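The values are calculated or read from the model by the stated rules, or taken from the named source; none is laboratory data. Predicted model only: the values in this text are computed from it and were never measured. In this analysis, Cβ positions are derived from the backbone assuming ideal geometry, glycine residues included, and neighbour counts consider all displayed protein chains.
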């Protein structure tokens, strides 16, 4: 291939393919066609597993890390988390993938791609850190009464996000908002 290839742009083209179809359902040829490159270039440059890992890294830095940063540094405290959850509930699953790419891939490949475990653990660590910071902010504001319950609330909110990842396929936005708000009402 004689022309210069922008690997970052190619990875960004691979992200929605993996996000929408998963790992197993996507062939080298389908990926190559979607990325606008030859099958042999894809095979020689990355390999499917490395492209997946690079795609997940791109997805996290472009889509998830900014959300965690917003939550962690927002003066809204727990309301920043609720706002994010409401955005997830209001996303349109028919127009674009709205469930978490990393969660989907982690479920699909939990025993096959060992290096995915470290990525997933790092993702959870960042999620818990941002939620904890928001809950501590809410404690300072008097919204969360018992600081000792914050670790329990963090785990509850992490579980809620995983539940939303599944429920997005089956429930309406209105139903999800009610479900989300009922969880937030448990935080005192």
Report summary line: When residue 97 is run through (1) surrounded by 13 or more Cβ atoms within 10 Å (Cβ to Cβ); (2) touching a helix residue (DSSP H, G or I) at 6+ places or on another chain (Cβ under 8 Å); (3) modelled with pLDDT of 90 or more, the failure sits at (3)
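The rows are residues; the columns are (1) crowded, with 17+ Cβ neighbours inside 10 Å; (2) closer than 23 Å to residue 24 by Cβ.
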{"position": "62", "(1), (2)": "no, no"}
{"position": "65", "(1), (2)": "no, no"}
{"position": "84", "(1), (2)": "yes, no"}
{"position": "90", "(1), (2)": "no, no"}
{"position": "106", "(1), (2)": "yes, yes"}
{"position": "110", "(1), (2)": "no, yes"}
{"position": "135", "(1), (2)": "yes, no"}
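Scan segment 167-188 residue by residue and report those that are in a helix (DSSP H, G or I) and in contact (Cβ under 8 Å) with a residue 12 or more places away in the chain. Please lay out each step first, then the result.
First, pick out the residues of segment 167-188 that are in a helix (DSSP H, G or I): 167, 173-184.
If the condition is that a residue be in a helix (DSSP H, G or I) and in contact (Cβ under 8 Å) with a residue 12 or more places away in the chain, then 167, 173, 176, 177, 179, 180, 181, 183, 184 are the ones that fit.
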Query raised in the report: Is one or more of the residues making up segment 74-91 in a helix (DSSP H, G or I), touching a residue at least 12 places away in the same chain (Cβ under 8 Å), farther than 23 Å from residue 180 by Cα and in contact with a helix residue (DSSP H, G or I) (Cβ under 6 Å, 6 or more places away or on another chain)?
Result: no
Query raised in the report: Name the pairs: first residue in segment 114-136 and at positive phi and in a helix (DSSP H, G or I), second residue buried (at least 17 other Cβ atoms within 10 Å of the Cβ) and modelled with pLDDT under 85, Cβ to Cβ under 9 Å, at least 6 apart or on different chains?
Result: none
Query raised in the report: Which members of segment 49-60 meet the condition of being over 14 Å from the mean Cα position of the chain (by Cα), in contact (Cβ under 8 Å) with a residue 12 or more places away in the chain and surrounded by fewer than 16 Cβ atoms within 10 Å (Cβ to Cβ)?
Result: 49
Query raised in the report: (1) surrounded by fewer than 17 Cβ atoms within 10 Å (Cβ to Cβ); (2) under 19 Å from the mean Cα position of the chain (by Cα); (3) free of Cβ contacts under 8 Å to residues at least 40 places away in the same chain: which one isn't true of residue 154, the others all being true?
Result: (1)
Query - All positions within segment 8-44 that are in a helix (DSSP H, G or I), surrounded by 15 or more Cβ atoms within 10 Å (Cβ to Cβ) and touching a residue at least 40 places away in the same chain (Cβ under 8 Å) - result: 11, 12, 14, 15, 16, 18, 19
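For residues in segment 167-177 being surrounded by 12 or more Cβ atoms within 10 Å (Cβ to Cβ) and farther than 10 Å from residue 85 by Cα, which is modelled with the highest pLDDT?
First, the residues of segment 167-177 that are surrounded by 12 or more Cβ atoms within 10 Å (Cβ to Cβ): 167-168, 171, 173, 175-177.
With the extra rule that they be farther than 10 Å from residue 85 by Cα, the set shrinks to 167-168, 171, 173, 175.
Details: 167: 86, 168: 81, 171: 88, 173: 89, 175: 93.
Of everything passing the filter in segment 167-177, 175 is modelled with the highest pLDDT.
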